[in-house]
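The values are calculated or read from the model by the stated rules, or taken from the named source; none is laboratory data. Predicted, not measured: the structure shown is a model, and the values here were computed from it. Here the Cβ is made from the backbone with ideal geometry for all residues, glycine too, and neighbour counts use every protein chain on show.
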Amino acid sequence: MKQLVLIRHAKSSWDLQVADTDRSLTLRGIEDAYLVSNAFLDQGIEFDFVYSSPAIRAVQTALIFCRINQCDLTNFQLSESLYDFSGEQLNQFIRCIDNRYNSVALFGHNNAMSQLVSWLSEQQQLPIPTSGITLLTAAVDSWEEFTTAHIKCQLFPKQLKK
């Protein structure tokens, strides 16, 4: 069994004239990242490895999530492949994850996250909001076989604020 957690970075700022990779989280983004990370903690899932896009907003979101979920940061790595907006690089990245890892979290961007969830779950496009978390599972032994998956849960800030 393989578990894949896809997390779209939290809300980021467009206020400063900086490169896209250097945009940081807004206060709302930070609050939402804490909100969904705390809600995800209740799932009781431990991660073998966590990967993040190198974009500042994704790294900040990942570090909040890792702090709340007590992830071992020696099992944390940035990957340029996750700075993807179409989903194709992200899909290829999954196929290359080390098979000794059964539970992996990926922090990245839309439209890649929404597109990948749609492909893997074989459902229509499922828009994932900022700070949105989708947990996918598949009864496979290798990441190369992770071509279809079941959505075990989705956590979005708007649903948690009710």
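Listed values, structure above:
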{"item": "From Ile133, Ile128, residue being out of contact with any Asp or Glu (no Cβ under 7 Å at 6 or more places or on another chain), over 20 Å from Gly44 (Cβ atoms) and crowded, with 17+ Cβ neighbours inside 10 Å", "result": "Ile128"}
{"item": "Residues (of a type in the set (A, V, I, L, M), surrounded by fewer than 19 Cβ atoms within 10 Å (Cβ to Cβ) and assigned to a loop (DSSP other than H, G, I, E, B)) located in the range 1-40", "result": "Met1, Leu16, Val18, Ala19"}
{"item": "Evaluation of Val104 against (1) at pLDDT below 95; (2) touching a strand residue (DSSP E or B) at 6+ places or on another chain (Cβ under 8 Å) (one fails), failing number", "result": "(1)"}
{"item": "Sole residue being touching a Cys at 6+ places or on another chain (Cβ under 9 Å) and more than 20 Å from Ser13 (Cα to Cα), chosen from Phe47, Phe65, Phe93", "result": "Phe47"}
{"item": "Selected residue (only one of Leu106, Leu136, Leu82, Leu155 is within 13 Å of the chain's Cα centre (by Cα), farther than 18 Å from Tyr51 by Cβ and hydrophobic (A, V, I, L, M, F, W, C))", "result": "Leu155"}
